[in-house]
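Taking it in order: structure first as structure tokens, then the write-up.
The values are calculated or read from the model by the stated rules, or taken from the named source; none is laboratory data. Every value quoted in this text rests on a predicted model; they were computed, and no experiment measured them. Using ideal geometry, Cβ is built from the backbone for each residue, glycine included, and neighbour counts are taken over all protein chains shown. For accessibility, only protein heavy atoms count, side chains too; no ligands or nucleic acids. Shrake-Rupley method; radii C 1.70, N 1.55, O 1.52, S 1.80 Å.
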Amino acid sequence: MRGAVLYAPGDVRVEQRPDPAIIEPTDAIIRLSATCICGSDLWPYRGVEALDGPAPMGHEYVGVVEEVGGQVTTIRPGQFVVGSFWATDNTCELCRAGYQSACVHRVLMGTLGTQAELARVPLADGTLVVTPDMPDADLIPSLLAASDVLGTGWFGAVSADVGPGKTVAVVGDGAVGLCGVLAAKQLGAERIIAMSRHEPRQRLAREFGATDIVTERGDDGVAKIKELAGGLGAHSVIEAVGTQESMLQAIRSTRPGGHVGFVGLAHDVALPGDELFFSLVHLHGGPAPVRQYLPQLIDLIWDREIDPGKVFDLTLPLEQAADAYRAMDERRAIKALLTP
């Protein structure tokens, strides 16, 4: 099969990789209908994360089941499925508590690489969710978004305790942040403030439910959010970047007693203990347990109540993965979809 491999920062190649095969009896093999590039893929692409030799890329995926292992009972060939970026058993104590991303048997799909024509999905019964039928082509981008960015934005909103009557601020205007806006709208937020300097992203944020746009950053951005939130700060803040600046901006934008849901993949974030102590904010987040939300999100997409696939503003064939990485790296695209 053909698949994307990162050899060095800035060096993505699409090359022949071995076809995946059933290794464990709980595995499934799927043929990808669509895959994509995640903002977290840009960390190694930019050299922020070290590479240990050539690495297969990709962890977001939807497709049709081709083969299942002997112990798979709920998934069968021919079904269209959506999976999380973590493969999980969905039965361990942590999974049952709603934290599938901490499953004791978890496998990070990024280590297997789903920017490819085929993918092996471990723990298929616990990982894959079957759609009601074969989806129409226009639903596939949104179902793909559910595999990571929508589920991650949703977890950010839930972690930030978003709900009716609340003011929500979203730090980060990438695909996860934009999906956080969409989630906040679905969860009933009264006011949704999107922090963005990029006009196309501002437009999509408003389409997803943002009521206000803040272009300022740092202390100026915090001051603007507090001004919009009655001088106290937002009730709920979704942090969707993962840098020191974004995390502090999120905490400082939250009113005492408010909640920060942090889902940006953290890099070199160190929080000052005294400031955190006196902020009186709740912090919750981490790698999203997307599997927890997949049934609900698939239903919303299937019923056409939400259209998160709009975050894909660039579609290219898999063979042009290098071009897609460059477009996202240069912020010419919010999120790139690849068609195998």
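A few remarks follow.
- When you filter the trypsin sites (Lys or Arg not before Pro) in the stretch 29-129 for DSSP loop state and at most 14 other Cβ atoms inside 10 Å of their Cβ, you are left with Arg46.
- Taking the convex hull of the alpha carbon positions in the stretch 259-340 and averaging its projected area over all directions gives 8.3 nm².
- Alpha-carbon Rg with Dmax, taken over the stretch 107-150, Å: 11.6, 30
- Solvent-accessible area per residue, Å², over the chain with all protein chains present [probe radius 1.4 Å]: 41 Å²
- Order by protection proxy (mean Cβ within 10 Å, highest first), peptides 160-166, 326-332: 160-166, 326-332
- Candidates per trypsin sites (Lys or Arg not before Pro) in the stretch 188-274, loop by DSSP, up to 16 other Cβ within 10 Å: Arg197, Arg217
- Phi-based couplings in Hz for the stretch 295-302 (Karplus 6.51, -1.76, 1.60; Gly and Pro marked x): x, 5, 5, 4, 4, 4, 5, 4
- Over all pairs of different C-alpha atoms, the stretch 155-219 has a mean inverse distance whose reciprocal, the Kirkwood radius, equals 11.3 Å.
- Taking every C-alpha pair closer than 8 Å and separated by at least 6 residues, the mean separation divided by the residue count of the stretch 1-143 gives a relative contact order of 30 percent.
- Taken along its three principal axes, the alpha carbon spread of the stretch 202-256 comes to 29, 27, 18 Å, from the longest extent down to the shortest.
- Net charge dipole size for the chain [Lys, Arg +1 and Asp, Glu -1 on Cβ; Debye, nearest 20]: 500 debye
- Summed residue charge, Cβ within 13 Å of Ala327's Cβ, Lys/Arg positive, Asp/Glu negative: -1
- Centre-to-centre, using Cα atoms only, the stretch 241-255 and the stretch 273-340 are separated by 19 Å.
- Among the lysines of the chain, pairs that are 8 or more positions apart or on different chains and have alpha carbons within less than 16 Å of each other number 4.
- Ligands, DNA and RNA left out, the accessible area of the stretch 195-250 computed with a 1.4 Å probe is 47% carbon and sulfur.
- Most to least accessible of His267, His198 (protein chains only, probe 1.4 Å): His198, His267
- Mean Cα-pair separation over length for the chain, i.e. relative contact order, pairs under 8 Å, 6 or more apart, %: 19 percent
- Of interest is the spacing of the C-alpha centroids, which for the stretch 159-232 and the stretch 76-132 amounts to 30 Å.
- Rule-of-thumb Rg ratio for the stretch 175-329 [Cα; 2.2 N^0.38 Å; N residues]: 1.11
- Remark on Gly258: its backbone amide H falls under 5 Å from those of His282, a criterion applied only to residues 5 or more positions apart or on other chains, H modelled at 1.01 Å from N.
- Based on the Stokes-Einstein relation at 4 °C and a viscosity of 1.567 mPa s, and on the Kirkwood radius from alpha carbon pairs, the stretch 10-130 is assigned a translational diffusion coefficient of 87 µm²/s.
- Hull volume in cubic angstrom per residue (convex hull over the Cα atoms of the chain): 125 Å³
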